[in-house]
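To keep things clear, I will list the structure first and then write my remarks on it.
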Amino acid sequence: MNEERITEKLNILADAAKYDVSCASSGSKRKNENKGLGNASNGICHSYTEDGRCVSLLKILLTNHCIFDCAYCVSRKNNDIKRAAFTVQEVVDLTINFYRRNYIEGLFLSSGIFKDADYTMERLVRVAKKLRTEHNFNGYIHLKSIPGASDELMNEAGLYADRLSVNLEMPTEAGLKLLAPDKNQQDMIKPMGYLKNAIIKHTEEKKLFKKAPLFAPAGQSTQMIIGATPENDSEVLHSANYFYKNFKLKRVYYSGYVPVLADSRLPALNTAVPMVRENRLYQADWLMRFYGFKVNEIVNTAQPHLDLDIDPKLGWAIRNMQAFPVDVNKADLQMILRVPGIGLLSAQKIVSARRFGKLNWDHMKKMGVSLNRAKYFVTCNSNEFERRDLTGSNIKQFILATSQSKYLKNTQTQLNLF
Ligand code: SF4
């Protein structure tokens, strides 16, 4: 291997891959049972940067050549940049070398489109197949699925990769048409539908036959770029909800548009999406998936954007003061989960612990409840009740005065662009 050339390719193709945020590796149960290399179980791939992004995968493109011209993408065919392409064997060698040196715990492999979807997908699948079958590699593999790739290739990809993802790119079809006229939302939906059915089928088989092969054990995910097109948070969350429900996605990743290209269809170059908008979308996403909130409770026609000052759960509570205070010693789990400052674990601890006695502030504090929020919304077995008939906006002011969000330092004007 010509090391200089490989290093140059790595610089180009790792840099081009950095715009894809959908690389978290949770959920895989692949085990090293054959004295092979690596082990995607035991959580070894769960390494995240401070802002929640995964860092321990070799994250590269197979190539940044592309026949398409998506306006938001640095690899678009009409962008004048240095191009490079790895061979299948080069990616395999790099992954094994990096893994042996303990630099990485797995591979995240995406690609521009060489000449058509199948030609590109076939190469991605070959990388995964070689790693698994020739090198006994049991580390984590996340493959991007190329929209429009055949069912046969998607099936093969599922047999070797832990996670597969098809990027929706834009939250709506209209947004996609505007910025990626070569793409067709149906080409993304079709492989997602195939994967959903194949994952269900293989999961059933695995229950019946222990030796049945794994198929994308970490499921499928997608990514939406936020802020390149005018969709509001309500449209983004409704779209995410639709894909969670209909395609059994494990995760939707929200990637704030990074303005790197000048184009009249795109926001101006100096208007990056504030990190806090991404963060609020992830919080809302969490509420939909784990806290029993419906999209319409988080955002609606009257309030299509999430409040950037406060998290969406606090926002809902303040708009629904008639639902509070909640008595933590009596309320059901679903209602306790709606209290700002009480997370999933704390809510479960509360419900278990109150069987043995009435809970007070001290008990709740020990269970991890954030009392500086929860105290306005709950009653318990303590005399002190700190809500004191405050209005929702009073509570918001009190909470804001006592908390500082690291994201708020970076609130630029993205929301005012459209
Ligand atoms: S198809 Fe993918 S790599 Fe090609 S321009 Fe569009 S987003 Fe970029």
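Coordinate-derived values only; no laboratory data. Owing to the predicted nature of the structure, the values given are computational and were not obtained by experimental measurement. Positions of Cβ are generated from backbone atoms using ideal geometry, with glycine treated the same way; all protein chains shown enter the neighbour counts.
Counting only lysines at least 8 places from Lys294 when in the same chain, those with an alpha carbon closer than 21 Å to its own are Lys245, Lys248, Lys250, Lys313.
Given R0 = 60 Å, the distance between the Cβ atoms of Glu173 and Asp327 translates into a calculated FRET efficiency of 0.85. Remark: spin-label model distance Glu8-Tyr282 equals 3.7 nm, labels positioned 7 Å along the Cα→Cβ axis. Identify the residues of segment 216-255 with backbone N under 11 Å of a label point that sits 7 angstrom from the Cα of Asp263 along the Cα-to-Cβ direction, or state none. Within reach of a label on Asp263, which here means backbone N under 11 Å from a point 7 Å along Cα→Cβ, segment 216-255 contributes 228-229. Between Asp389 and Arg355, the C-beta separation translates, for a Förster distance of 30 Å, into a calculated FRET efficiency of about 0.45.
Against the chain, whose longest principal axis is taken from its Cα atoms, helix 151-160 shows a tilt of about 70°. When we measure straight from the Cα of Lys9, which aspartates and glutamates land under 12 angstrom away, once same-chain ones fewer than 8 places off are left out? Straight-distance partners of Lys9: Glu90.
Using every pair of separate Cα atoms, the Kirkwood estimate puts the hydrodynamic radius of the chain at 23.3 angstrom.
For the chain, the longest principal axis of the alpha carbon atoms and the long axis of helix 88-100 meet at an angle near 50°. Sort segment 69-218 into rounded, prolate or oblate with this rule: let a ≥ b ≥ c be the square roots of the eigenvalues of the Cα gyration tensor; rounded if a/c is under 1.5, and if a/c is not under 1.5, prolate when a/b is larger than b/c, oblate otherwise. Oblate shape, in that a/c is at least 1.5 and b/c is the bigger or equal ratio. Dividing the mean sequence gap of close Cα pairs (under 8 Å, 6+ apart) by how many residues the chain holds gives a relative contact order of 12 percent.
When the Cα centres of segment 93-150 and segment 194-262 are compared, how far apart do they sit, in Å? The two parts, judged by their Cα centres, are 19 Å apart. Between amide H atoms placed 1.01 Å from N, distances below 5 Å from Leu107 occur with Leu58, Tyr140, Ile141, His142, all of them 5 or more places distant or on a separate chain. Annotation: extensible slack from Leu159 through Thr133 equals 8.3 nm (criterion: 0.36 nm per residue apart, minus Cα-Cα distance). Computed 3J(HN,Hα) for segment 80-85, one whole-Hz value per residue from the Karplus formula 6.51 cos²θ - 1.76 cosθ + 1.60 where θ = phi - 60°, is 8, 10, 6, 10, 7, 8, glycine and proline marked x. Against the chain, whose longest principal axis comes from its Cα atoms, helix 344-353 is set at around 50 degrees.
Remark: for residue pairs Lys77/Lys183; Lys18/Lys59; Lys365/Lys396, the C-alpha separation exceeds 18 Å in Lys365/Lys396. Quick note on segment 314-402: its Rg to Rh ratio, both from C-alpha atoms and Rh being the Kirkwood radius, is 0.94. When each of the peptides 317-324, 373-380 is scored by the mean number of other C-beta atoms lying within 10 Å of its residues, the order from highest to lowest reads 373-380, 317-324.
Less than 5 angstrom separates the built amide H of Val166 from those of Ser145, Ser221, all sequence-distant by 5 or more or on a different chain.
Taking each residue as 0.36 nm, the span from Asp116 to Thr402 lengthens on full extension beyond its C-alpha to C-alpha distance by 97.5 nm.
Computed from label points 7 Å out along Cα-Cβ, the spacing between Asn97 and Asn197 is 4.3 nm.
Working from label points 7 Å from Cα in the Cα-to-Cβ sense, the Phe68 to Leu344 distance is 3.1 nm.
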